[in-house]
Amino acid sequence: MTENDIFSRIAWARSDAPVPYEKAVDFMENRARAVSEGKAGELLWSLEHPALFTAGTSARPEHLTNPRNLPTYKAGRGGQWTYHGPGQRLVYVMLDLTRPHGAVPPRDLRAFVAALERWIIAALAAFDVRGETRDGRVGVWVTDPLTRREAKIAALGIRVSRWASWHGVSVNLDPDLTDFEGIVPCGISEFGVTSLARFQPGLTMADLDSALETAWEDIFRQAPLATPQPEETGCTS
């Protein structure tokens with residue numbers, strides 16, 4: 001494989017230790033800029049954060065109660081309040097949206113977001129979990145096996161700068177669901193939040209990563225290239 005072949009493929013990095021939020025944002029912003037300028041290849045980055053809340057551009061102050069006084073950050077992405085923490089898999093997507101990705105045409109943000117939702121749904125199906133989307137509610141929804149009520153299992157929040165995407169998706173493997181009580185998640189109070197652990201308690205993060213990687217190729221028609229975790233963040237484990 002030549003250097004040009006590697007540069008033309010989407011790389012997929014993973015950080016095993018929790019990554020501080022500010023360092024992740026700094027890295028994403030710089031990488032997205034380099035992608036848009038043709039100076040770096042596209043990158044998917046899987047990681048976890050320490051427990052924290054992030055505010056999207058539509059976040060309302062009254063939707064934050066934060067009884068545990070967790071750190072809060074302005075995310076710069078679309079959406080409202082979101083929780084991140086251990087047991088939740090984030091995948092940040094730094095892609096060049098001027099080119100097609102599978103069936104997603106260039107410069108079609110709506111189609112891109114819909115494809116990300118289909119990607120998560122396909123990954124959940126590997127565990128016999130049925131994920132669905134809802135009109136007017138970005139993210140992926142399931143029927144919680146304990147409450148038998150509809151609940152959110154994955155969130156999306158994307159920012160696009162000069163047609164390079166950053167931020168991405170979060171999937172709840174086994175986070176502390178009580179931490180979500182510090183916000184109105186994504187501005188929606190009438191539905192709960194759930195996790196894969198409620199469906200299959202023995203699942204590991206490696207299991208989820210494997211399902212996400214397989215589903216990515218199914219949805220976006222390109223197998224990402226495994227790569228070492230980003231060193232520019234200073235967050236190597």
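The values are calculated or read from the model by the stated rules, or taken from the named source; none is laboratory data. Given the structure is predicted, the values throughout are model-derived calculations rather than measurements. Don't worry about glycine lacking a Cβ; one is built from the backbone with ideal geometry, like all the others, and counts go over all protein chains shown. Accessible surface is based on the protein model in full, side chains and every heavy atom, while ligands, DNA and RNA are left aside. Shrake-Rupley method; radii C 1.70, N 1.55, O 1.52, S 1.80 Å.
So here's what we get for this one:
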item: Estimated 222 nm signal from helices in the chain, with DSSP H stretches of n ≥ 4 weighted -39500 (n - 2.57), rounded to 500; result: -7500 deg cm²/dmol
item: Antiparallel content of DSSP bridges confined to the chain, in %, to 5; result: 75 percent
item: Dipole-positive endmost among 61, 211, 172 within the chain (Cβ charges, Cα centre); result: 61
item: The chain, relative contact order [Cα under 8 Å, separation at least 6], %; result: 27 percent
item: Heavy-atom accessible area order for 213, 181, largest first, 1.4 Å probe; result: 181, 213
item: Span-like helix ranges in the chain, DSSP H, alpha carbon extent 15 angstrom or more, Kyte mean at least 0.0; result: 109-125, 205-220
item: Dimensions (Å) - the stretch 1-82, Cα atoms, principal axes, largest first; result: 53, 26, 15
item: Whole-number accessible area per residue in Å² for the stretch 88-237, which is evaluated in the context of all protein chains at 1.4 Å; result: 46 Å²
item: Relative packing of peptides 38-45, 150-157 - highest average C-beta neighbours within 10 Å first; result: 150-157, 38-45
item: Equivalent ellipsoid semi-axes - Cα gyration tensor, the stretch 91-130, angstrom; result: 23, 10, 8
item: Nearest-10 value in Å² for the accessible area of residue 58, using the 1.4 Å probe; result: 70 Å²
item: With every protein chain in place, the stretch 1-115: carbon and sulfur % of accessible area (1.4 Å); result: 50 percent
item: Added length on full extension, which subtracts the Cα-Cα distance from 0.36 nm per residue, residue 130 to residue 178; result: 15.0 nm
item: Over the stretch 7-132, relative contact order from alpha-carbon pairs under 8 Å, at least 6 apart, %; result: 23 percent
item: FRET E, pair residue 218, residue 16, Förster distance 30 Å, beta-carbon r, rounded to 0.05; result: 0.75
item: Note, ³J(HN,Hα) from phi for the stretch 86-92, Karplus 6.51, -1.76, 1.60, rounded to Hz, x at Gly and Pro; result: x, x, 10, 8, 9, 10, 8
item: Cα pair count fraction exceeding 24 Å, expressed as % - the stretch 61-185; result: 31 percent
item: Residue among 133, 54, 65 with the largest mean-square fluctuation in a Gaussian network model of the chain, springs linking Cα atoms under 10 Å; result: 65
item: Point-charge dipole on Cβ atoms (K/R +1, D/E -1) for the chain, about Cα centre, debye to 20; result: 660 debye
item: Distance histogram for the chain (every C-alpha pair counted, 5 angstrom bins, percent rounded to whole numbers); result: 1, 6, 14, 19, 21, 18, 12, 5, 2, 1, 0
item: Partner aspartates and glutamates for residue 39 [C-alpha distance under 18 Å; skip if fewer than 8 residues away on the same chain]; result: 3, 5, 26, 29, 96, 231, 232
item: Spatial separation of Cα centroids for the stretch 145-215 and the stretch 42-69, in angstrom; result: 12 Å
